[in-house]
Amino acid sequence: MRERRRFRRLELDVLVNFSEKARARAKNISLLGICIITNIPFHAGVYLNLLITLPDTTTIETLGRVIWQRKIKPDEYENGIEFYNINPNEKNKLDDFIRGYNAEKGNGSSC
């Protein structure tokens, strides 16, 4: 099957904070979005204020829109989040991190 994504996903286990009462960890991230694992489901179309802390302590703050959600275990959900109107400075920080990480690790994934 042919990969349809414009940007490769970077497999990355990082903490994601947002304005809802839920725990979240990132499964992977790209310039367009992030796949997070949460303890509560979010329905498609919901907007979340995200604060993503990368392993090098870089933080990315942006609004994200839930595109899809699926239950993977009892009380555990995968949520595909698309970044919404990400600030160019935040996008540049994320791009720099992903390029450096990929150059060092040669990683990529899909969610």
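One table, with the values for the structure above:
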quantity: Total residues in the stretch 56-89, condition within 13 Å of Ile29 (Cβ to Cβ), at pLDDT 95 or above and surrounded by fewer than 17 Cβ atoms within 10 Å (Cβ to Cβ); calculated: 1
quantity: Every residue from the stretch 57-103 that is more than 20 Å from Glu11 (Cβ to Cβ), in contact with a Leu (Cβ under 7 Å, 6 or more places away or on another chain) and among the acidic types (Asp, Glu); calculated: Glu61
quantity: Phe18 vs. criteria of a type in the set (Phe, Trp, Tyr) and either at pLDDT 90 or above or open to solvent by less than 40 Å² (accessible area, probe 1.4 Å) (or both); calculated: yes
quantity: Contacts under 7 angstrom Cβ, first residue in the stretch 77-98 being on the phi > 0 side of the Ramachandran plot, partner surrounded by 15 or more Cβ atoms within 10 Å (Cβ to Cβ), 6 or more apart; calculated: Asn85/Leu63
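Residue-by-condition table, conditions (1) touching a residue at least 12 places away in the same chain (Cβ under 8 Å); (2) of a type in the set (A, V, I, L, M); (3) under 22 Å from Arg99 (Cα atoms):
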position	(1), (2), (3)
Cys35	yes, no, yes
Ile52	yes, yes, yes
Trp68	yes, no, no
Lys71	yes, no, no
Pro74	no, no, no
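The values are calculated or read from the model by the stated rules, or taken from the named source; none is laboratory data. Because the structure is a prediction, the values reported are computed rather than measured. Cβ: placed from backbone, ideal geometry, glycine included. Neighbour counts: every protein chain shown. The area values use the complete protein model at the heavy-atom level, side chains included, leaving out ligands, DNA and RNA. Shrake-Rupley method; radii C 1.70, N 1.55, O 1.52, S 1.80 Å.
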